[in-house]
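All remarks here apply to the structure that follows.
Since every read-out is calculated from the coordinates, none of them should be taken as a lab result. Treat the numbers as computed from the prediction; the structure is a model and nothing was measured. Here Cβ is always computed from backbone atoms with ideal geometry, including for glycine, and neighbour counts include all displayed protein chains.
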Amino acid sequence: MISENQGGAPSIGRAVLRVALALALVYVGLGLGLTYWQVVEAQRLATDPGNPLVVEATRTEPRGRILDARGVVLADNVRGPDGSVLRRYPQPVTAPVTGYRSLFFGTSGLERTYDSELVGLSQGNPADEVLRKFRSDPYDPTDITLSIELRLQRRAADLLEGMRGAVVAIEPATGRVVALVSNPTFDPNRLIDPDRGQAYLQALQGLPEDRSPLLNRATQGRFTPGSVFKIVTAIAGLGSGTIEPETIFPDQPEEAERGFRVQGFTIRDAHRLAVDRPPLDLFSGTEISSNIYYAHVGLETGSAAFADWAARLGFGQPIPFDLPTAPSQVTGGRGNEPGGFRDLVELANAAYGQAETYVTPLQMSLVAAAVANDGVLMRPKLVTAMRSRRGVERRVDPEAWTRVLSPEDAGAIQRAMQLAVEGELGARFAGGAKVPGVPTAGKSGTAELGGRGEPHSWFIGFAPVDAPRIAVAVIAEQAGRGAEVAVPIGGELMEYWLGLDR
Amino acid sequence: MTYAVAHRRWRIRPRLRTREFLLLVAAGGALAVGWVSLNSTLEGDAISYGDPTLLVAYLGLLLVLHLAFVLTGRRTDEILLPVTGLLAGLSLLLMARLPQDTATQSFGRFELGLAPLQLFWITLAFVLLGILAITVRSDGWLRYYKYTWAAIGVGLLLLVFVFGEETNGQRLSLRVGPIAGQPSELLKIILVVFLAGYLADNRALLARTSSRLGPIPLPPVPYLLPMVAMWGLALAVILVQKDLGGALLFFLVFLAILYIATLRLSYVLLGTVLFFAGSAFLYTLFAHVRGRVDIWLDPFADPQGQGFQIVRALFAFGRGGVLGTGLGAGLPEVGGNPAIPALHTDFVFTALAEELGLLGGLAILFLYLVIAERGLRIAIGAADDFRALLAAGLTLVIVVQAAIIIGGNVRLVPLTGITLPFVSYGGSSLVANGIIIGLLLALSDRGVEPPPPPRQTRRERLGAGLRRVAGRVEEAVS
């Protein structure tokens, strides 16, 4: 021991103990740091696409296959001459869903989202993760089964042939996407060709963005919605309690004649069906697609509640999905009104889908699905099951996202949308979507682009109304009025789906 | 040093060191299992022993050291040798599985690859360790020549500065014949010796408050000067060498020793403030400092370029997980290139944590804590201030250095290019750390020799000399 304090100097022993304590704390910190990387972040790091192990594995290891709902192969592997693994896409029509996996340009679509599962480095089962360390072969590629039904996908692609546009078809009760088409599209087999892929990619990239095949219009294309957006306004009005289905606006019949003036801006209906008729309610207003009725609903609801209810449907941020999505918007958000509207004029125009409303087809299919599913919005999903080569299985179950509307309010909108297809006046707009013998609901849209060429042709709908099995959103860009193009496509798709034996 | 000779009684009486023996057997067993595991993984699934020459030679070396300790019978610490032996053994396992041309060295006709070369340096380090642990019985040669040691240290640095070779943008190595060494590794020992000597003499004074800098009480300024000058010089030259890790190590050890000697937290606080001020200064002034810090803050900003090394290291941690991939199953190479640049020097901890997992990584941390515990215990039990400060300082050099590089590996602090003691590849580092453990072992022996008496002052010596001369004259005359 240190015998004596020499000349009044402090005890060394005490100081050493304190230093020892500090050192122990430092080492505990190091241990925690190590734990962070090896436990908390381990899974993310081990499956990071930049991880050299993953990079190497993606080159030389066969990937899991991608299958449609009935097990038809959408993507599998062939060995290249140099031992590298090349992807093969027997059904290029699913390119907007599968994306591609190239040795040179990386991955896109589901190939990107589920890269680590397809490579076989991730299974989501912690116990198995631990056991894997004791195996000589660390890879366990996973086959991914999609909810996409190839026959419907084909049908939708055929119907959209030669047009720019997109189709999203979804099971309202489960949120499973059964068809997702974006046109123009590309052939992933040509893109990943080691010899000619480069030229093909350059050709695709050389096209202007509004006709680029590499843009997935269904999830990332943002379009003016026109009248299909009125369903969003109806949801906001009913949901917020601002209106009842029977609510009428006494001035509206007169305004149908002369126009509805909002802060100096005049709103008119695109037709004279509302003239010399009793005031419109939700049903008749939706059946004849009255801009004036819906402008009133929007103004009554108010900008804050309007933006809020749109957000409940998924507006304002990218929809969580298996593919990258773009956020839909009800306004550019730069104004001073609550919710970001500039003024009441913008709000009134947004209420019938003009102004600065921009939506993705996926978002609009969710609007239709939420109404069809009695107000409950299911999370959209593309994957139903995964099965690894070693037999580890994982089911992806349907998942409710939010309840948007009460069943009563949803029922009112369902009836309004059924009138829009089957009603005497509604049939002039969306009658083309009627599935013979099946109660059908829908809403057409004609999105004016400010005088720049033809309008976008829109349709959203679902069938059968009493127990919906499919909801669709169809857009044909600058193809004309809703009734002319998108409506019949939507009707044919619903009919085809309901007629399929599954 | 007549008094030292007078005290040196070489009564060599063998004494069993059971604890050390058992611990060595355990460490050796663990290393043997590791060796079989490593070779079995590398060869395929069957049990394989590979070519066990390296391991056998190394275990033999440990046994010889142990026997030498037993035969010479000193009552030295019995834990330090097994712990350092295990660390160096892990190093050998790691070097044996890395590409052998990572580092080569020719001795005449012989050319050694990475693992044999590392074993050569380990052997050299452990032989030095043994010699020091057995023979050092007096500390006078360290205690009384602190300024000489300081001068030697500065001289070494100047030599490096003038004749040194650059590796990785750092001017660190000095080549003598075929061997290149890094004198800054020795400098850290010299710094500790100097600080211990100076503070042991003056710590009572330094602990007193006689002047103030604003609110901060300071000791008599003249007594701080030699120390600060020594430290500042070392720091300045190291900054010129761009060895940031070394500078940080010096600084932290300096502060810790100063605190131990004076028990004054204000020095530590002042030092910390100075440190952060200096860091900010260096950050704005030197691009490579800025680069290091930026990579540290966000390595994923440039994962293929600047952040490559650290990002790759993080991937390795993730791959290891809790249980690790197993020895030999890590990923040292990707497509013929090292998975992590400078793995064998800067990222040995990462490599071991990948293969041995979180459990192995924590075990390695624990080994360094054991070294800290033994070393600081030796300091507390030391016979006088100099030995206490020396033991504490030497211990801190190893443990703080390990903390800095491990902290860099796990991204708690910016990465610096210093070695992990006993594990990283590198002769100078191994030899310096061997010397440190050897000195610690020698200091742990409390049975042999009391500390030397305070040296006579010049006046006393003069007086004694005069008296002696006078005595002779007296004799002659009578």
Checklist entry - What are the semi-axes of the equivalent ellipsoid for chain A, taken as the square roots of 5 times the Cα gyration tensor eigenvalues, largest first, in whole Å? => result 50, 32, 20
Checklist entry - In the protein assembly as shown, with Lys and Arg counted as +1 and Asp and Glu as -1 at Cβ, which of these residues, B:412, B:424, A:156, has the Cα nearest the positive end of the dipole, that is, farthest along it? => result B:424
Next on the checklist: Just checking the output field for B:257-270: average partner chain Cβ neighbours within 10 Å of each residue's Cβ?
Outcome noted: 3
Item to check | Dipole in debye (nearest 20) - the protein assembly as shown, about Cα centre, beta carbon charges: Lys, Arg +1; Asp, Glu -1 | outcome: 5340 debye
Item to check | Footprinting exposure proxy for B:419, B:102, B:272, A:286 (fewest neighbouring C-beta atoms within 10 Å first) | outcome: B:272, B:102, B:419, A:286
Checklist outcome for this item: Rounded to the nearest Å, the spacing of the alpha-carbon centers of region A:429-502 and region B:271-304 is 60 Å
Checklist outcome for this item: Given a Förster distance of 56 Å, the FRET efficiency implied by the Cβ-Cβ spacing of residue B:141 and residue A:44, rounded to the nearest 0.05, works out to 0.50
Next on the checklist: Using DSSP to call loops (not H, G, I, E or B), can you name the chymotrypsin sites (Phe, Trp or Tyr not before Pro) in region B:95-152 whose Cβ has at most 16 other Cβ atoms within 10 angstrom?
Outcome noted: B:144, B:145
Checklist entry - Cross-link partners among lysines for residue A:434, C-alpha distance below 25 Å, same-chain residues fewer than 8 apart left out? => result A:230, A:443
Checklist entry - Sequence-distant or interchain residues sharing an amide H contact under 5 Å with residue A:479, placed H: which? => result A:457
Item to check | Residue-span extension gain [residue A:21 to residue A:254] - 0.36 nm each, minus C-alpha spacing | outcome: 75.4 nm
Checklist entry - Among A:472-482, A:372-382, what's the highest-first ranking by average C-beta atoms within 10 angstrom per residue? => result A:472-482, A:372-382
Checklist outcome for this item: Between the modelled labels at residue B:461 and residue A:304 (7 Å from Cα along Cα→Cβ) the distance in nm is 8.9 nm
Checklist outcome for this item: Once normalised by the length of chain A, the mean sequence separation of its alpha carbon contacts under 8 Å that are 6 or more apart gives a contact order in percent of 15 percent
Item to check | Under the Karplus curve 6.51 cos²θ - 1.76 cosθ + 1.60, θ = phi - 60°, whole-Hz ³J(HN,Hα) for region A:207-218, x wherever Gly or Pro sits | outcome: 6, x, 4, 6, 10, 6, x, 7, 7, 7, 5, 5
Next on the checklist: Place a point 7 Å from Cα of residue A:448 in the direction of its Cβ. Which residues in region A:233-270 have their backbone N less than 18 Å from it?
Outcome noted: A:255-270
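Note the direction-averaged projected area, equal to a quarter of the hull surface, for the Cα convex hull of region A:272-338, in nm².
Approximately 6.4 nm², given one-decimal rounding.
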Checklist outcome for this item: From the Cα centre of region B:124-165 to that of region A:319-358, the distance in Å is 75 Å
Checklist entry - According to the square roots a ≥ b ≥ c of the eigenvalues of the Cα gyration tensor, what is the shape class of the protein assembly as shown, taking rounded for a/c under 1.5, prolate for a/b larger than b/c otherwise, and oblate for the remainder? => result prolate
Item to check | Spacing of the two label points (7 Å from each Cα toward its C-beta) at residue B:124 and residue A:246, in nm | outcome: 10.0 nm
Checklist entry - Just counting partner chain Cβ atoms within 10 Å, what average do the residues of peptide B:318-330 show around their Cβ? => result 5
Checklist entry - Nearest 0.05, what FRET efficiency do residue B:51 and residue B:301 give at R0 = 41 Å with Cβ-Cβ as r? => result 0.40
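Report the antiparallel proportion of the DSSP beta bridges in region B:15-448 as a percent, rounded to a multiple of 5. Provide the component values of the computation, followed by the final result.
On the way: 14 of 14 bridges.
Antiparallel bridges: around 100 percent, rounded to the nearest 5.
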Next on the checklist: Kirkwood Rh and Cα-based Rg: tell me the resulting Rg over Rh for region A:400-479, rounded to two decimals.
Outcome noted: 1.03
Checklist outcome for this item: In this structure, the FRET efficiency calculated for residue A:466 and residue A:403 from their beta-carbon separation, with R0 = 22 Å, to the nearest 0.05, is 0.65
Item to check | Prolate/oblate/rounded label for region B:15-448 (Cα gyration tensor, a/c 1.5) | outcome: oblate
Checklist entry - Per-residue ellipticity at 222 nm for the protein assembly as shown, helices alone: DSSP H runs ≥ 4 residues times -39500 (n - 2.57), over residue total, nearest 500 deg cm²/dmol? => result -16500 deg cm²/dmol
Checklist outcome for this item: Assertion target for B:255, B:396, B:225, ordered by fewest C-beta neighbours within 10 angstrom first, is B:225, B:255, B:396
Checklist entry - Which aspartates and glutamates have a Cα less than 17 Å from the Cα of residue B:188, not counting those fewer than 8 places away in the same chain? => result B:243
Checklist entry - Using the Karplus equation 6.51 cos²θ - 1.76 cosθ + 1.60 (θ = phi - 60°), what ³J(HN,Hα) coupling, rounded to whole Hz, does each residue of region A:239-254 give in order, writing x for Gly and Pro? => result x, 7, x, 5, 10, 10, x, 8, 4, 10, 10, x, 7, 4, x, 5
Item to check | Peptides ranked, highest mean first, by Cβ atoms within 10 Å: ranges B:151-158, A:420-427, A:455-462, A:77-84 | outcome: A:455-462, A:420-427, B:151-158, A:77-84
Checklist entry - Taking the Cα centre of chain A as origin and charging only Cβ (+1 Lys, Arg; -1 Asp, Glu), how large is the dipole, in debye to the nearest 20? => result 1480 debye
Item to check | Extension gain (nm, one decimal) between residue B:363 and residue B:22, 0.36 nm per residue minus Cα-Cα | outcome: 120.9 nm
Checklist outcome for this item: Diffing region A:317-324: the Karplus 3J(HN,Hα) column from phi (6.51, -1.76, 1.60, θ = phi - 60°), in whole Hz with x for Gly and Pro, holds 8, x, 6, x, 7, 6, 10, x
Checklist outcome for this item: Averaged over the residues of A:22-28, the number of partner chain Cβ atoms within 10 Å of each residue's own Cβ comes to 6
Checklist entry - What is the spin-label model distance, in nm, from residue A:265 to residue B:67 if the labels are put 7 Å beyond Cα along the C-beta direction? => result 9.8 nm
